[in-house]
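Following: one structure in structure tokens, then a few remarks.
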Amino acid sequence: MDGKGRASPEESRALWWLSHGYEKDEATGRQILEMPFMKTINDRDAVALESLGWLEPATIQHVLAHPSLRDGVTDEWTDVVTILRLVLPAYEEFEATEREIADKRELIDTILTPDQTTVVRRSIDLPLAGEVPATVIWPDATDKAPVRFMDILEHALRTQEEFMGVPYPESFVVMIVADIIEYAGFYAGDGIIVIADGEY
């Protein structure tokens, strides 16, 4: 909050998603409210909360029961949690078969298991925006490709700033390379980039 007791934009966003969660399931909303990442709210925390809010109820329970999150979502996990809404969302138009749901939950489990997923984090010092925390998530612990992707991501952000002449507009960036989408990739807003296949 600011000096006048007003909520910051990210706190307002987090509050909206928290109330949304309470409407869906009060017990889950209370559980999330007590998690470590809720102690202070920044933009990435708000997006992580939004990501949880987009999950359908059975999947959110599946996520919160994962051993990596048994003590709740911590600041260390917020960048990973931000992308979960893209794996198995609660969109009304998203109709998945039981097999697809099982496959997507298996991918979520892989993403949340440190020895099955490579996560590379870097603070990128951009000329105009300054320090931007960046994360590359690769659901494969056997490949060093995420370092190459991080280098490409950093180059892309620097090139974007140079070309546009304005600071990178997000306070963080997370890129996941996973079979979530059928086409090459997209920018989901909030600094999230999805690449469907490592070959792209």
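The values are calculated or read from the model by the stated rules, or taken from the named source; none is laboratory data. None of these values were measured; they are calculated from a predicted model. Cβ coordinates were reconstructed from backbone atoms using ideal geometry, including for glycine residues, and neighbour counts include every protein chain displayed. Heads up: the accessible areas ignore ligands, DNA and RNA and are worked out on the full protein's heavy atoms, side chains in. Shrake-Rupley method; radii C 1.70, N 1.55, O 1.52, S 1.80 Å.
Numbers at a glance
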{"item": "Whole-number percent relative contact order across segment 1-114, with pairs defined as alpha carbons under 8 Å at least 6 apart", "result": "25"}
{"item": "Amide H contacts of D140 (H built 1.01 Å from N, under 5 Å, at least 5 apart or other chain)", "result": "T118"}
{"item": "Positive minus negative residues near P167 (Lys, Arg vs Asp, Glu; Cβ under 14 Å)", "result": "-4"}
{"item": "Positive-end residue of L126, I176, V87, charge dipole of the chain with Cβ unit charges", "result": "L126"}
{"item": "Cβ-based net charge around I108, under 14 Å, with every Lys or Arg adding one and every Asp or Glu removing one", "result": "-3"}
{"item": "Cleavage-rule hits (chymotrypsin sites (Phe, Trp or Tyr not before Pro)) in segment 61-162: DSSP loop, at most 14 neighbouring Cβ within 10 angstrom", "result": "Y91, F94"}
{"item": "Overall form of segment 106-159 per C-alpha gyration tensor (a/c, 1.5; a/b vs b/c)", "result": "prolate"}
{"item": "For segment 148-172 and segment 1-73, distance of Cα centres in Å", "result": "28"}
{"item": "Qualifying trypsin sites (Lys or Arg not before Pro) for segment 50-131 [loop in DSSP, other Cβ within 10 Å: at most 11]", "result": "R70"}
{"item": "Geometric extent, Cα atoms of segment 8-104 - Rg, Dmax (angstrom)", "result": "12.9, 42"}
{"item": "Cα-centre dipole for segment 18-151 with unit charges at Cβ (Lys and Arg positive, Asp and Glu negative), debye to 20", "result": "320"}
{"item": "Computed accessible area, Y22, all protein chains, 1.4 angstrom probe, square angstrom", "result": "70"}
{"item": "Ranked order, M38, M164 - accessible area, probe 1.4 Å, largest first", "result": "M164, M38"}
{"item": "Highest-first arrangement of 150-163, 46-59, 8-21, where packing means the average Cβ count within 10 Å", "result": "46-59, 8-21, 150-163"}
